[in-house]
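Below is one structure, written out as structure tokens, with a few remarks after it.
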Amino acid sequence: MHWIVRLPLQRLPVRKVESSFLPVLAVMSLFAAPAPLNALDQPPSADVALIVSVDVSESVDEDRYRLQMDGIAKALIDPAVIEAITSGPKGRILFAMVVWADHAQLAVPWTSISSASDATALASTVRHLKHYSGEFTCLARMFTSLNDTVLSAIPMKATRTIVDVSGDGIDNCSPDATTREARDVLVKRGVTINGLPIIEVPGQIVGAGAYRAPDGNLENLRPLQSREQLTLDGWYRTNVMGGDLAFILPANGYTDFARAMRQKFVTEISSNSGPPPRPLNRHVIANNE
């Protein structure tokens, strides 16, 4: 036989919360509350929106075109470039590429890069681009196209916007004044324009006898104050470079393009971007003054 013993239940005392503790509990509950959605769900942003603008006019044959595409691809996957991208405050850049001659075309749409794998995928895209080509070197038209289309399509906020212009000749579609005016429109939007003139013959005079568009409405060449202004890097300094911390970095021919582009990317993408140091080669990097 089993006996069941029932013990009397004891009522546990209930302590009343003193009213003086209520404000303390209310403050504690604020710290325990989840963060608001708008603090957790901030839209992504980038340190730099970078437009690489590449000359594909008649002087750029298949070999030169491939040297440029391969140089850009190599620069994108360079460890120093990737380090500059991922170590920035946002850890991200935006990249677009425009090819230009008579008119500008968007070859690579805006692409986000925040890792080595992103850079590698983009480099592969650049390497396998078809050969774009044209006849004339219409720089002012390219600047206008960037202003009207590419800049307006930047997909997220960027701390800085930079345009890289590379080419082996002067604008042969418009007077220099028109090129500068088109450049200045971009500068007024807060854009920095850096130049990468590709110099095949150091010190060669540009302009006189240059290949020019028949409807370019070009002014006659006027005497300039110095021989330096008549060279391609001098012309880029005067008519292309513009905006905060702008500079030019010449390439010593197309075979030097990859080296120059890598150095340019590291300088431009770095969070402490500024004019690069004075080089040891025969070309001088010019700061915008």
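The values are calculated or read from the model by the stated rules, or taken from the named source; none is laboratory data. Given the structure is predicted, the values throughout are model-derived calculations rather than measurements. When we count neighbours, we look across all protein chains shown, and the Cβ atoms used for this are built from the backbone with ideal geometry, even at glycine. Each accessible area value is taken on the protein alone, full model and side chains, heavy atoms only, with ligands, DNA and RNA left out. Shrake-Rupley method; radii C 1.70, N 1.55, O 1.52, S 1.80 Å.
Accessible area per residue for the range 92-183 is 38 Å², calculated with a 1.4 Å probe on protein heavy atoms, without ligands, DNA or RNA. Taking only the Cα atoms of the range 55-141, the radius of gyration and Dmax are 14.1, 42 Å. In the structure shown, the pairs Lys90/Lys188; Lys130/Lys188; Lys188/Lys264 are assessed against 30 Å; a Cα-Cα span above that value is assigned to Lys130/Lys188. Could you point to the residue in Ile93, Trp110, Leu139 farthest towards the positive end of the range 90-153's charge dipole, with +1 and -1 charges on the Cβ of Lys/Arg and Asp/Glu respectively? About the Cα centre, the residue reaching furthest to the positive side is Ile93.
Heavy-atom accessible area for Thr159, with the other protein chains in place and a 1.4 Å probe, reaches approximately 100 Å². Pair-distance distribution of the range 129-178: all C-alpha pairs, bin width 5 Å, starting at 0; shares per bin in whole percent are 4, 15, 22, 23, 19, 10, 7, 0.
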